[in-house]
1. Filter the stretch 67-102 down to the residues that are in contact with a Ser or Thr (Cβ under 7 Å, 6 or more places away or on another chain) and closer than 21 Å to residue 39 by Cα, then identify the one that is most open to solvent (accessible area, probe 1.4 Å).
2. Please identify the pairs in which a residue from the stretch 78-94 that is under 10 Å from residue 27 (Cα atoms) has its Cβ atom under 7 Å from the Cβ atom of a residue that is outside any helix (DSSP H, G or I), counting only partners at least 6 apart or on another chain.
3. Hey, can you tell me all the residues within the stretch 103-124 that are closer than 21 Å to residue 32 by Cα and not β-branched (Val, Ile, Thr)?
4. Of the residues 61, 30, 21, 48, only one is open to solvent by less than 80 Å² (accessible area, probe 1.4 Å), among the polar types (S, T, N, Q) and modelled with pLDDT under 70; which?
5. From (1) in contact with a Cys (Cβ under 9 Å, 6 or more places away or on another chain); (2) free of Cβ contacts under 8 Å to residues at least 12 places away in the same chain, pick out the condition that doesn't hold for residue 109.
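The values are calculated or read from the model by the stated rules, or taken from the named source; none is laboratory data. Nothing here was measured: the structure is a model prediction, and the numbers come from that model. A quick note on method: Cβ atoms are made from the backbone with ideal geometry, for glycine too, and the neighbour counts reach across all protein chains shown. Note: areas computed on protein heavy atoms with side chains; ligands, DNA, RNA excluded. Shrake-Rupley method; radii C 1.70, N 1.55, O 1.52, S 1.80 Å.
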Amino acid sequence: MEKSYLDDNDYGIEDGGYTDSQAKKTCIISLFLRYAAPVILMLVFGLSVVIRAMNQDDVNSAGPNFLPFILMFVSYVLSWVLMGKVRHSRRDYKFGKILMWLYIGDTALLIPLSIIQWILLMQD
């Protein structure tokens, strides 16, 4: 009986796929980048603003600091990329599926709430 290609390569491990432990680690990193990294960044940069305010009279003398927002956007995009890599190589992996639907739901809530916030801020 002849072996098929799928018998040797059920999960695509030889051509760049993930094992279960690699997929789990990647999903955990993706989850961290999505939710924990922005909180940590805001705490660190918020504390730096407080420290600058204690040392100076004018907090905004250094100008606006967009670095935390850029880093949060990069962590947001990387979380999607890592989740997508897991979903591409391991379609049956439940943790990857859960992350996908969690991210889709989160984004579906984020967009209308951002629009509502923008409308309310423009009224003043």
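1. Top of the filtered list is 82.
2. From residues that are under 10 Å from residue 27 (Cα atoms), the pairs are 86/18; 86/93.
3. Within the stretch 103-124, 103, 105, 106, 108, 109, 110 meet the criteria.
4. 61
5. Going through the list (1) in contact with a Cys (Cβ under 9 Å, 6 or more places away or on another chain); (2) free of Cβ contacts under 8 Å to residues at least 12 places away in the same chain, residue 109 breaks only (1).
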